[in-house]
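Peer 1: Would you mind keeping the following structure in view while I ask a few things?
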Amino acid sequence: MAVSKLVLAATSGKSCKILLGLRVLAFLATLSAAIVMGLNKETKTFVVGNVGNTPIKATFTAKFQHTPAFVFFVVANAMVSFHNMLMIALQIFGGKTELTGFRLLSVAILDMLNVTLISAAANSAAFMSEVGKNGNKHARWDKICDRFATYCDHGAGALIAAFAGVILMIIISAVSISRLVQPNKCSSSTAASTSVVP
């Protein structure tokens, strides 16, 4: 119901402010997801064996680069952040540029592509997080979250931010598509409508 209200508001004069606010929130969510996962690293030393009474220790490091799904997650979130940053800059610094016709269609298509990209990245990272948390007995994959708790907690935070970005990008895409039906100006349209023609 909230999404339908936003889509209906997109055809009114408030659409530019709503779209700008949604893009800022999506930018912050996807950027924080990329940064948290990109900086996610934990090093621990474990006892791997004993020689007599002397323990043999080894140091292991868990990094996001060790899992291709997490690398894809970081890259995809960075790309969606960059897309939203460009759209925000275009809306704020574009002056009196009116987005109509092909430009509106291009923005709507790019928004849909970014929804697909971030959704795929978040879901692949969620799958690998599930394996890291619980392992897979059939494939004989051991869980690692019992050993690298901080690494897993940071990854979970990045996933929450990414799924928030997915929801925001779906709403942004719906608003962009609805603007194709009734395009409006993102400049000072109120000033033009209140001017008195002699």
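The values are calculated or read from the model by the stated rules, or taken from the named source; none is laboratory data. This structure is a prediction, so every number in the text was calculated from the model and none was measured. Positions of Cβ are backbone-derived with ideal geometry, glycine not excepted, and every protein chain shown enters the neighbour counts. Calculation scope for accessible area: heavy atoms of the full protein, side chains included, ligands and nucleic acids excluded. Shrake-Rupley method; radii C 1.70, N 1.55, O 1.52, S 1.80 Å.
Peer 1: Might you let me know whether the stretch 63-71 holds any residue that is within 30 Å of L19 (Cα to Cα), open to solvent by less than 50 Å² (accessible area, probe 1.4 Å) and not small (G, A, S)?
Peer 2: Checked the stretch 63-71: at least one residue is within 30 Å of L19 (Cα to Cα), open to solvent by less than 50 Å² (accessible area, probe 1.4 Å) and not small (G, A, S).
Peer 1: Select from the stretch 117-137 the residues that are open to solvent by 80 Å² or more (accessible area, probe 1.4 Å) and outside any helix (DSSP H, G or I) and list them in ascending order.
Peer 2: Of everything in the stretch 117-137, just one residue is open to solvent by 80 Å² or more (accessible area, probe 1.4 Å) and outside any helix (DSSP H, G or I), namely K137.
A quick yes/no check of all residues on (1) out of contact with any helix residue (DSSP H, G or I) (no Cβ under 7 Å at 6 or more places or on another chain); (2) surrounded by fewer than 15 Cβ atoms within 10 Å (Cβ to Cβ); (3) assigned to a helix (DSSP H, G or I):
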{"site": "P55", "(1), (2), (3)": "yes, yes, no"}
{"site": "A58", "(1), (2), (3)": "yes, yes, no"}
{"site": "T61", "(1), (2), (3)": "yes, yes, no"}
{"site": "A76", "(1), (2), (3)": "no, no, yes"}
{"site": "M79", "(1), (2), (3)": "no, no, yes"}
{"site": "M85", "(1), (2), (3)": "no, no, yes"}
{"site": "I92", "(1), (2), (3)": "yes, yes, yes"}
{"site": "M112", "(1), (2), (3)": "no, no, yes"}
{"site": "V115", "(1), (2), (3)": "no, no, yes"}
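Peer 1: Right, next: Enumerate the pairs (first residue in the stretch 159-186 and at pLDDT below 85; second residue anywhere and outside any helix (DSSP H, G or I) and open to solvent by 70 Å² or more (accessible area, probe 1.4 Å)) with beta-carbon separation below 6 Å, excluding pairs fewer than 6 apart on the same chain, so at least 6 apart or on different chains.
Peer 2: What qualifies is K185/E98.
Peer 1: Looking at the stretch 44-53, is at least one residue open to solvent by less than 50 Å² (accessible area, probe 1.4 Å), under 20 Å from D146 (Cα atoms) and free of Cβ contacts under 8 Å to residues at least 40 places away in the same chain?
Peer 2: Checking the stretch 44-53: at least one residue is open to solvent by less than 50 Å² (accessible area, probe 1.4 Å), under 20 Å from D146 (Cα atoms) and free of Cβ contacts under 8 Å to residues at least 40 places away in the same chain.
Peer 1: Another one. What are the pairs with Cβ atoms under 7 angstrom where one residue, in the stretch 19-32, is aromatic (F, W, Y) and the other, located anywhere, is assigned to a helix (DSSP H, G or I)? Sequence gap at least six, or different chains.
Peer 2: Qualifying pairs under 7 Å: F27/S81; F27/N84; F27/M85; F27/I88.
Peer 1: Any idea which of R140, R103 is without any contact (Cβ under 8 Å) to a residue 40 or more places away in the chain, loosely packed, with under 15 Cβ neighbours inside 10 Å and over 29 Å from V47 (Cα atoms)?
Peer 2: R103
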